[in-house]
1. Here is the link list: K129/K155; K254/K313; K84/K465. Which ones come out longer than 22 Å on Cα distance?
2. Starting from 0.36 nm per residue, how many nanometres of slack lie between R65 and E259 once their C-alpha separation is accounted for?
3. Just to confirm the number: angle between the C-alpha axis of helix 228-238 and the first principal axis of the chain, 0 to 90 degrees, nearest 10?
4. Students often forget the sequence filter, so: which aspartates and glutamates lie under 12 Å Cα-Cα from K162 once same-chain residues fewer than 8 apart are removed?
5. Tell me, in nm to one decimal, what length is gained between F692 and I608 on full extension, where the rule is 0.36 nm per residue of separation less the Cα-Cα distance?
6. Kindly express, to the nearest 10 degrees and within the range 0 to 90, the angle between helix 68-77's C-alpha long axis and the longest C-alpha principal axis of the chain.
7. Which of (1) 41, 31, 29; (2) 44, 36, 26; (3) 72, 37, 22 is the computed semi-axes √(5λ) of the Cα gyration tensor in Å for the structure on display?
8. Modelling each spin label as a point 7 Å along the Cα-to-Cβ direction, I'd like the V33/N543 distance in nm, to one decimal.
Amino acid sequence: MSISRRKFLQGSAIASVAVGVSSATATELFSPVKRIPHASHFGAFYADVQDGKIVGIVPHESDKRPGSFTQALVDRNYSNSRIKYPYVRKSYLEGKAGNNELRGNDEFVRVSWDEALELVAKEIKATPKENIYNGSYSGWSHPGRLNSCPTLGGKFFNIVKKGAVGTAGEYSNGAAGPTNPEIMGDMEVYSLQTSHEEMLANTEVYVMWGADLFKTNKIDYGVANRKNDDYYVKYKKSGMKFISIDPIKTETAKMFDAECIYIRPNTDVAFMLGMMNYLYSSKKYDKKFIETHTDGFDKFLPYLLGKSDGIPKTPEWAEKITEIPASKIRELADLFVSKRTFLAGNWAMQRAQHGEQADWGIITLASMIGQVGLPGGGFGFSMHYAGNGQAAAGKSGPGGFSQGRNKVKVAIPASRISETLLNPGRKIDFKGHKMTLPKIDLMYIGGANIVGHHPDTNELIKALKTLKTFVVQEPWWTPTAKMADIVLPATTTLERDDIGMGGSYSGDYVYAMRKVVETPYEAKDDYEIYSLLAKKFGNKKYNKFTGKKTKMEHLKEFYSKSDAAKQKNFDEFWKDGFVKFEIPEEAYKFVRHSAFRKDPVKNPLKTISGKIQIFSEKFAGFDYKDFKGHVTWFEPAEFLGSKEVKDYPLHMVSPHPTYRIHSQLDNTWITNLYKVKGREPVRINPEDAKKFGVKNGDLVEVYNKRGKILAGAVVTKDIRPGVVAIEEGAWYSPENISEVGSRCNSGHCNILTSSRPSSQMAQATSANTTLVAIKKAEGTIGANQAYSMPKTSKI
């Protein structure tokens, strides 16, 4: 009997969920099943537990489109890649000279918790706070308030050392973060957007400028609800026109039958400027809005018209850069000003060289269109994120820990970690000032995978080998854990109690994240690890860290600070598993920037003029070569119009994963749904596949001057010729760990990305400015070892 691939995968998935569950015995038939509430970035659910084993996952009522993510959490919990005990790298433990060169290529020795904590404490005590980097980055590892590694790490170092070097900015919006507040008085990338109800009632043209709404709204920084999927059905039936400006035909573009504009990567700003030039020259722009709601347009105009540099930014000029016909540029500009148009930006465009210009360009274009603050019009940079567009309950969520005061004032820009480790003392420009990169001797990372998310992995590995001590606190043997000197095993989300809230914008649920199962190993909660480590600095520090409270007392206190406590007492909440807030009717009528549009004098923006800054005197005063006082087109070092295409003829983009949160879940059965021969897929257009001798399903080598990786070819017309796409987050796995720059056998795209900064101003990541070449893989290819344990032993 034949069976379809779809049914086979469904069957494999179901089988994988039942980890550790044997065939039912007569005894098991009488064993009770407990249903325990929990929540995650992937959604809220109930875990059915029998005899201490998870036998099923049941979606919570708030998850409107449950999928495979939450099911895969069970497989991840019992993965062979779990860190079961505390470990120390052998040559580090032995104190061998030059042992740091063996980092990532050494045996690990199992030690007791007391030995591991004593060793960590000893190194922290011996290292000045100015030479310690607290690299516990962001909160994507866990949505709970108690076990938040960034918060716990900050609090710990502020108590025991009076601080440590931290991180400035972020990877997600590192270029937009320091730019947009000067222009709009707000970062905009995390702000509540116009409600879906108002969009559905008023929007005529919805422009998805690199925004893949369906894919990226599956997850949440808090607890995902996937309520947006219900709205997408309504959008599909609404009759509004959708346009996708993207080198990839996304699932969202297909769902909405969008008109696809396959732009050259990294040329969007030239496209925007071409439209702006046309709107001004044709007098079709909203002159009144520019005069009443913006500042500095007169100082931007000479550049737009070419009077300051001799290059008018006409549609014909833009066509040469973007390869979008000038006639199409004019046609779209005419459409945008004649219809109620919403420009949905994204975060990927600003993760590129000169990424600061992307949002500024959309804001300036939207200002010339003149619909900012109108229902269904204007712009937004987070319609693709965490359920944005959903009406907000407007209630307060659970509290959390205060980190206290950090007396170390130096913070490393997120994308500059490798540069800092390799070049201590170097002076760089940053946000209008000079900063000196600190010397880092000890790095401590909890709940983050720096080898996964940092650009130019080979450079990073070289940089990590300069450290004297590298501590990693993590549930799994991630590529980062394998590079550590001391490894502290943390529990998973399913093995501890916590409290969370979701969605990030609707804010209509508070969740009890109750412990589902006991850890079968020696792992400890993140909170407990930091607490025990604080104790190594004396009872006074320990008591200050814990507040002399138990974990449950902290959870009760956090809960008491939320509006949920007004509806249920803690015991009821903990038993039921959630509190639901009603969303007020007026929330469904929210329109972003409507008050500012109505009266910019009474409702000014938090900018220097109170208006949208088309031109910024502050930014102009920085006098940077790669960042000016208005939106500007700068040619990237690597793009399809540069000289490097001779050697590396393809532009690689690295979108957010379809089946992961960055590197999370890469070590689960869910990879069976999409990996090609166990490697990360690389999407390539049929024209390019034929040109480079690649067939669908082939293992290929993707390479450039920074490194090389193996990937599985997916030949598809859904990507522009000249462009390949490899989703970020595959676990790094060198074929030969002893070889510098060894080919990655897993398809980790950051081997290929550049660590060059976006500009002197933001010093952000430019991962999407990457050229590569491709060829069919040759020779003997071993198994992908990304998810295997390193060699370990006992003392």
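The values are calculated or read from the model by the stated rules, or taken from the named source; none is laboratory data. Treat the numbers as computed from the prediction; the structure is a model and nothing was measured. Cβ atoms come from the backbone with ideal geometry, glycine included; neighbour counts cover every protein chain shown. Each accessible area value is taken on the protein alone, full model and side chains, heavy atoms only, with ligands, DNA and RNA left out. Shrake-Rupley method; radii C 1.70, N 1.55, O 1.52, S 1.80 Å.
1. Values: K129/K155 14 Å; K254/K313 32 Å; K84/K465 25 Å.
From K129/K155; K254/K313; K84/K465, over 22 Å: K254/K313; K84/K465.
2. Numbers: separation 194, 0.36 × 194 = 69.84 nm, distance 2.66 nm.
Result for the pair: 67.2 nm of gain on full extension.
3. Once rounded, the angle reads 30 degrees.
4. Output for K162: E130.
5. Values: separation 84, 0.36 × 84 = 30.24 nm, distance 5.30 nm.
Roughly 24.9 nm would be gained on extension.
6. Orientation of helix 68-77: about 30 degrees from the principal axis.
7. Only one option fits the structure, namely (1).
8. Label-label distance for V33 and N543, simple model: 4.9 nm.
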